[in-house]
Amino acid sequence: MNTTIRSGAQTGLVGREASGRRQPRLAMSRVGPCRPVATLAAPPPAPTPSHTPKAAPAPPTKLELSELTAVSPLDGRYGRLSAPLRSIFSEYGLIRYRILVECRWLQQLSRIPAVKEVPPFSPEANALLDHLCTPEGCTPEVAMRVKQIEKTTNHDVKAVEYVLKEHFKSHPELAAVLEFTHFACTSEDINNLSHALMLQEAVQQHVLPNMDKLIGELARLAAEFAEVPMLSRTHGQTASPTTMGKELAVFAYRLRRQRDQLAGVPYLGKMAGAVGNYNAHMSAYPEVDWQAVAQEFVPSLGLEFNPYVTQIEPHDYIAELYGAMIRFNNILIDFDRDVWGYISLGYFRQKTIAGEVGSSTMPHKVNPIDFENSEGNLGLANAVMDHLVNKLPVSRWQRDLTDSTVLRNLGLGIGHALLAYASSLKGISKLQIDKVKLAADLDNSWEVLAEPIQTVMRRYGVPEPYEKLKAFTRGQRVTQESMMTFVDGIEGLPQAAKEQLKQLTPANYIGNAAQQAADLKHHL
């Protein structure tokens, strides 16, 4: 067998005759990459032929989790912006809400006269339970203890139950009812309420306020630019003029509708046991109307009771919630792209910030990076939320576990959305309108007056008005002078109508655009 190893640019061939065909050649570089000696580690020595087994390479050094080493940019590069969500959607946040639900359920049991084994709690016992429901009572150290126990139980909700029992043992009143912790509950009784509370806090405390800021800023600009005329573009071509304010008002109104739909989504919850029938509850206390108890308990948490469930709350409201956010985000993508285009046309300039670099090689550039960042993060947010919308309402029979791992990503889409909202707001804060550029664009587009002229010609019965204007304007360079000459030459058009048409300019042919922009405040 030929085992020749060729050097230089030739490839090593092993067993060519035995294989019966030439093996593909591997390109070999004669010159290695340049490495700054002071900053790069020396490359490993070149391998040498040997039949001696080599030791496995040493594992890479373990990196401690930080904003620099985080896999997700939400916790890394954008950590300071997403930090407010950590107390809600992190593992700690989920444990915190689970503890809250467990404590509130135990308090609920103490208020049911038929459950004599759990008598009404004293103020001291209720104070302890109330304290555990707060971030001050459920600290990260408490959550860490839950994770320690989970290593043994391999069940996260059961670990929460055990940690609570540890706390209760030190209080005689609670120690006496220790086994009523998690009474008649399936894990999903605790989880579904926790997820609803997490989403409610995130939307009310973070999502809606940031949406309102965006809508408010667009409304402000709509009012400020209400009378600033602008050449429209349909199909990318010049079209009847509008005002910048009116076009921004369109986005403000569209975003407000979706914001209101998001705000109107109810947060549903259940406390109905393993398959939604209160089986275990009724086996222990058949005389208690457990559905009525649940119907009282769920709203006491600030949620809406869902009377028809399986082991899980079916998650339809989560799909509704994220659906509204996706629609809001799509409208914001539309806005980001339009403003990006207006910046490209020169209608907007961007305020420069000392020290910022637009391009690593072109010093003159001030890129619309905020709107681009927003668009990119909105796409990521929608991709995640779209999966939640389509997956979560679907579960085999009374439940399967496919929703469990998906629900751990409730905050991912919201995190990217909040990054996008912040980027859009930052971009808006840099916008400076260039009225000179807008006016010049209009003055170079007298052909847009073909629309009103042919419409007035129709009123007075002038034959073939559309065809006459089409022949005059299409593919032609139209100026103010040529347009006025055309108007003067229209046969059959009263002189008063001609004079009225000659008062039109691309800058004042804006319909009621300015009024629409001014009236926006009545529709928000």
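The values are calculated or read from the model by the stated rules, or taken from the named source; none is laboratory data. Please read all numbers here as calculations on a predicted model, not as lab measurements. Cβ coordinates were reconstructed from backbone atoms using ideal geometry, including for glycine residues, and neighbour counts include every protein chain displayed. Just so you know, the surface numbers come from the protein's heavy atoms only, side chains and all, with ligands and any DNA or RNA stripped out. Shrake-Rupley method; radii C 1.70, N 1.55, O 1.52, S 1.80 Å.
Quick check on my link table: of Lys246/Lys351; Lys430/Lys521; Lys158/Lys213; Lys213/Lys246; Lys62/Lys151, which ones sit more than 30 Å apart, alpha carbon to alpha carbon?
Checking Cα-Cα distances, Lys158/Lys213 exceed 30 Å.
Could you point to the label whose value was computed as volume of the Cα convex hull per residue in Å³ for the structure here, given (1) 158; (2) 328; (3) 217?
Answer label, from the structure shown: (2).
At a 1.4 Å probe, what is the % contribution of carbon and sulfur to the accessible area of the stretch 115-200?
58
Determine the order of His131, His315, His182 by accessible area, beginning with the largest, at a probe radius of 1.4 Å.
His131, His182, His315
Could you work out the relative contact order of the stretch 196-244, using alpha carbon pairs under 8 angstrom and six or more residues apart, expressed as a whole percent?
Working: 30 pairs, mean separation 12.4, N = 49.
Taking the mean separation of contacting Cα pairs over the length of the stretch 196-244, I get 25 percent.
Using DSSP, restrict attention to beta bridges with both residues in the chain and report what percent are antiparallel, rounded to the nearest 5.
Percent antiparallel among DSSP bridges in the chain is about 80.
Of Arg408, Arg96, which has the most accessible area and how do the rest follow, probe 1.4 Å?
Greatest to least solvent exposure: Arg408, Arg96.
Using a 10 Å Cβ count of at most 11 others and DSSP loop calls, identify the longest part of the chain lacking such chymotrypsin sites (Phe, Trp or Tyr not before Pro).
Numbers: sites that count: Tyr308, Trp397.
For chymotrypsin sites (Phe, Trp or Tyr not before Pro) (loop position, at most 11 other Cβ atoms within 10 Å), the longest site-free span of the chain is 1-307.
Could you tell me the calculated FRET efficiency between Lys213 and Glu117, based on Cβ-Cβ distance and R0 = 60 angstrom, to the nearest 0.05?
Once rounded, the FRET efficiency stands at 0.70.
If one computes the Cα centroid of the stretch 467-495 and of the stretch 223-279, what distance in Å separates the two points?
41
If you roll a 1.4 Å probe over the heavy atoms of the protein chains, what accessible area per residue do you get for the stretch 366-446, in Å²?
44
Under the rule of -39500 (n - 2.57) per DSSP H run of 4 or more residues, summed and divided by the residues of the chain, what mean residue ellipticity at 222 nm is obtained, to the nearest 500 deg cm²/dmol?
-16000 deg cm²/dmol
With a 1.4 Å probe and all protein chains in place, put Ser72, Ser344 in order of accessible area, largest first.
Reading off the accessible areas and sorting them downward yields Ser344, Ser72.
Roughly how many Å is it from the Cα centre of the stretch 369-445 to that of the stretch 120-178, as a whole number?
The stretch 369-445 and the stretch 120-178 have Cα centres separated by 38 Å.
Can you give the accessible area per residue of the stretch 58-135, in Å², using a 1.4 Å probe?
Spelled out: the 1.4 Å probe surface of the stretch 58-135, per residue, equals 55 Å².
How much accessible area per residue does the stretch 195-240 have, counting only protein heavy atoms and a probe of 1.4 Å, in square angstrom?
43
Could you check the spin-label model distance between Gln205 and Thr455? Points 7 Å from the Cα along Cα→Cβ, value in nm.
Distance between the two pseudo-spin positions: 5.2 nm.
Relative contact order (percent) for the chain, with alpha-carbon contacts under 8 angstrom and 6 or more residues of separation?
Across the chain, relative contact order equals 14 percent.
So what does Asp338 come to for accessible area, using a 1.4 Å probe and Å² rounded to 10?
60
Could you pull the accessible area for Thr69 with a 1.4 Å probe, rounded to 10 Å²?
Ignoring ligands and nucleic acids, Thr69 comes out at about 50 Å².
Please compute the contact order of the stretch 123-279 in relative form: average sequence separation of alpha-carbon pairs under 8 Å and at least six residues apart, divided by the residue count, as a percent.
19
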